[in-house]
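Below you'll find the structure, written out as structure tokens, and then a few comments.
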Protein chains: 2
Amino acid sequence: MKTRRIFLQKASLSAMALTVPTLTPFSTMANSISDFTREEKTLRVAIMGLGSYGTRVAEAIQSCKRVKLVGVISGTPSKVVKWREKYGIPEKNCYNYENFDAIKDNPDIDAVYVITPNALHKDEVIRVAKAGKHAICEKPMAVNAADGQEMVDACKAAGVHLLIGYRMHFEPNTLEVIRMRKAGELGEIRFFQGLAGFTIGDPTQWRLDPALSGGGAMMDIGIYSTNGARYMVGEEPIWVTAQEVKTNPEKFKEGIDETITFQLGFPSGVIASCLSTYNMNNLDRFYLNGSKGWVEMQPSTGYGPIKGMTHKGPLNEPIVTHQTVQMDEMAAIIFDGKRPEVPVNGEEGVKDMKIIDAIFQAVKTGGKVSLNLA
Amino acid sequence: MKTRRIFLQKASLSAMALTVPTLTPFSTMANSISDFTREEKTLRVAIMGLGSYGTRVAEAIQSCKRVKLVGVISGTPSKVVKWREKYGIPEKNCYNYENFDAIKDNPDIDAVYVITPNALHKDEVIRVAKAGKHAICEKPMAVNAADGQEMVDACKAAGVHLLIGYRMHFEPNTLEVIRMRKAGELGEIRFFQGLAGFTIGDPTQWRLDPALSGGGAMMDIGIYSTNGARYMVGEEPIWVTAQEVKTNPEKFKEGIDETITFQLGFPSGVIASCLSTYNMNNLDRFYLNGSKGWVEMQPSTGYGPIKGMTHKGPLNEPIVTHQTVQMDEMAAIIFDGKRPEVPVNGEEGVKDMKIIDAIFQAVKTGGKVSLNLA
């Protein structure tokens, strides 16, 4: 049956190529292919970096319809043993950071999900691309926009997808808010507020080492507000201002931001006012104010159920495991050319990196920094 | 009985003066006097400016225990007739803007509550002071800090009180939050957020005329967040940054701010992130985040019941008419030397004006403006 469908699909493509005289964009073709293959093609993923978030993704993949965890890349052999046992991963699909370029000769792996410290993403994603595998990269995609752009270019050159782990782009309540905004139910958007932060523990972790993290709270948690401001408002910001305070310079060393407030100005006149912090509790809140209504989400980006109120009542979309939906949708993007409501490609990642670059610059200069993300 | 108490009080004062060798500060003396006279002395007030807020204050005074509305100052004779009838105000206590200096010869008026457009406050308060009457002035006290300071100086020179209409300083739920913060129930304060605004109607009103208002939303409604940030955080800010957007320059002319976001930095590292706007609905929200707890108030400064949640549960202090409590407490400040939990004197008003001056400067320069309010 599988063979027959693939045959039909190929036949239909050949027929199209013969009979349609105008150029058919690739994405359209891909969508038509998807009608045939959506249920067929499974994305076979190796996870690079077996830390706590890697573990969460691995667990979530177990519930995926079309994603399978088939490999690992890790520098810790004891972890590899555990994962092999737990997920039935064959030894030939296990790599370390020295030898993982050999993945190019492994036909059983389609994509690598890079879940390592931020500063390592660039080289790792480029190596994945050079191995001819699709790269999924946790956010922030890099430690600055220039590195992010290099990653985009490398993946393009290699003809592989680069997708960033923006799980909120597939979260049902978030998508419902975007639908409401697009349908005009909120009227003209006027204001967005994003508060994101937590009190970070262990001072020896890589998130507090600038060489590995490329920044502090802003990179790790503030990015939810840069990204959220954009998908909630539905525009790209044109300026940034930002202010930093540091109450504990021993814990939050040079290059590690503790608390930053930042503001984004949008072409329509919307302002986003955001807070990013490693020094506060209870901060996972989005607020969107429009001329006809409002939305408040809390928690707005956490792993647990996203909860929200609007002027029309509570947000009641289905509760899902974010990473499960994300991975299934990414399979559809890679194999079917599906276009998500909000992009998760490398270009989307670069936009957030440009905003974060501008935030750091605004903190330094104390002035307003212009942005051009179009 | 009254006579006897006053006699005892005088006798006790004389005895103190004779037996206590050290200087007794005036405020301490005043507090000890208050124990005898609190229920006795009624503050007899004339209201200057019979607009909608003047009307609200007049109504609230009807429920006061120790404040009586006894006079009016108005430029509209028809309003004076109505008020005279409604509140039983004798003709001899009615003035207009030309002749109200003659109030100095009226022994039946103790204080004048100035409730006129912002830009008029300075001259009016100074005239009230020169007439030897206590001045209560609606906020903002003036259109800039220099004018505010002139008012403070004039009242000091005349030996009269200058009190600013900070009604929230007497609001029970607000005071409960301040109590919680002082008692350490919130831990170290880390972040304050104040969102204040509404969609302003009639474009011909004085609030949208820079010659009368001295500014737009910031003067009118943003001041709730400058003031609220200070009493919620319990510190004085040391820097200000601010950003302005204007989507409707026809309605919001030069000198009238439509929407401003501003940030205040405090010595301990607390940041306040605030929004002031004439172009949004549903904005009357305070949020205070500490290391051990949090408080959220909505509405936070409106006339209606103030509502709030904390990490310990809802704020459930008695619901009061703000202006009734404010006026009774102001009588106690004037006659008994009572010290309110949060000051409402002219110096307090000047602090907010200094912050607003700095906000306007920060908008212009785009940079961080230092503050010294100590």
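log10 I(q)/I(0), Debye, Cα-only region A:43-166, no solvent, q = 0.23 Å⁻¹? The calculated log intensity ratios at q = 0.23 Å⁻¹ are -1.44.
Between copies, A:E188 shows label-point distances of 4.3 nm, shortest first, with the point placed 7 angstrom from Cα along Cα to C-beta. How much FRET efficiency would the formula 1/(1 + (r/R0)^6) give for A:K364 and A:W206, where r is the Cβ-Cβ distance and R0 is 22 Å, rounded to 0.05? So the FRET efficiency works out to roughly 0.35.
Taking springs between alpha-carbon atoms closer than 10 angstrom, which of A:Y166, A:Y95, A:Y113 fluctuates most in the Gaussian network model of chain A? Greatest mean-square fluctuation among the candidates belongs to A:Y95. Determine the dipole magnitude for chain B: charges of +1 sit on the beta-carbon of Lys and Arg, -1 on that of Asp and Glu, nothing else is charged, the reference point is the Cα centre, and the result goes in debye to the nearest 20. It works out to roughly 900 debye. When the Cα convex hull of region B:192-306 is projected onto planes of every orientation, the mean area is 7.6 nm². For region B:259-374, the alpha carbon positions stretch 43, 36, 33 Å along the principal axes, listed from largest to smallest. For the protein assembly as shown, the direction-averaged projected area of the alpha-carbon convex hull comes to 40.1 nm². Label-point distances for B:T42 to the equivalent site in the other copies, using a point 7 angstrom along Cα→C-beta, read 8.8 nm when ranked shortest first. When Rg and Dmax are taken over the Cα atoms of region A:125-185, they come to 15.1, 46 Å. Heavy-atom accessible surface of B:K68, to the nearest 10 Å², is about 110 Å², with a 1.4 Å probe and all protein chains retained. Residues whose amide H comes within less than 5 Å of that of B:G308, counting only those at least five positions distant or on another chain, are B:Q298, B:L315 (H built at 1.01 Å from N in the peptide plane).
Pairs over the 30 Å Cα-Cα cut-off, from the set B:K133/B:K368; A:K41/A:K92; B:K79/B:K139: B:K133/B:K368.
Expressed as a whole percent, the proportion of Cα-Cα pairs in chain B lying more than 40 Å apart is 16%. In this assembly of identical copies, the label point of A:S370 (Cα plus 7 Å along Cα-to-Cβ) is separated from its counterparts by 3.1 nm, sorted shortest first.
In this label model, A:E347 and B:K104 are separated by 7.5 nm, measuring between points 7 Å along each Cα→Cβ vector.
The largest accessible area among A:K182, B:K122, B:K79 belongs to the first residue in A:K182, B:K79, B:K122, and the rest follow in falling order (1.4 Å probe, all chains).
Stretching the chain fully between B:E185 and B:Y97 yields a gain of 26.7 nm (0.36 nm per residue, less the alpha carbon separation).
Keeping all protein chains in the complex and leaving out DNA, RNA and ligands, what accessible area do you get for A:F360 with a 1.4 Å probe, in Å² to the nearest 10? Approximately 60 Å² for this residue. Residues A:K82, B:K104, ordered by accessible area of protein heavy atoms at a 1.4 angstrom probe radius and largest first, appear as A:K82, B:K104. Within the straight-line cut-off of under 18 Å between alpha carbons, the aspartates and glutamates reachable from B:K307 are A:E296, B:E171, B:E176, B:D284, B:E296, B:E317, sequence neighbours fewer than 8 places apart in one chain being disregarded.
The values are calculated or read from the model by the stated rules, or taken from the named source; none is laboratory data. Just so you know, these numbers come straight off a predicted model, no measurement behind them. Every residue, glycine among them, receives a Cβ derived from its backbone with ideal geometry; neighbour counts consider all protein chains shown. Surface accessibility is based on the protein's heavy atoms, side chains included, excluding ligands, DNA and RNA. Shrake-Rupley method; radii C 1.70, N 1.55, O 1.52, S 1.80 Å.
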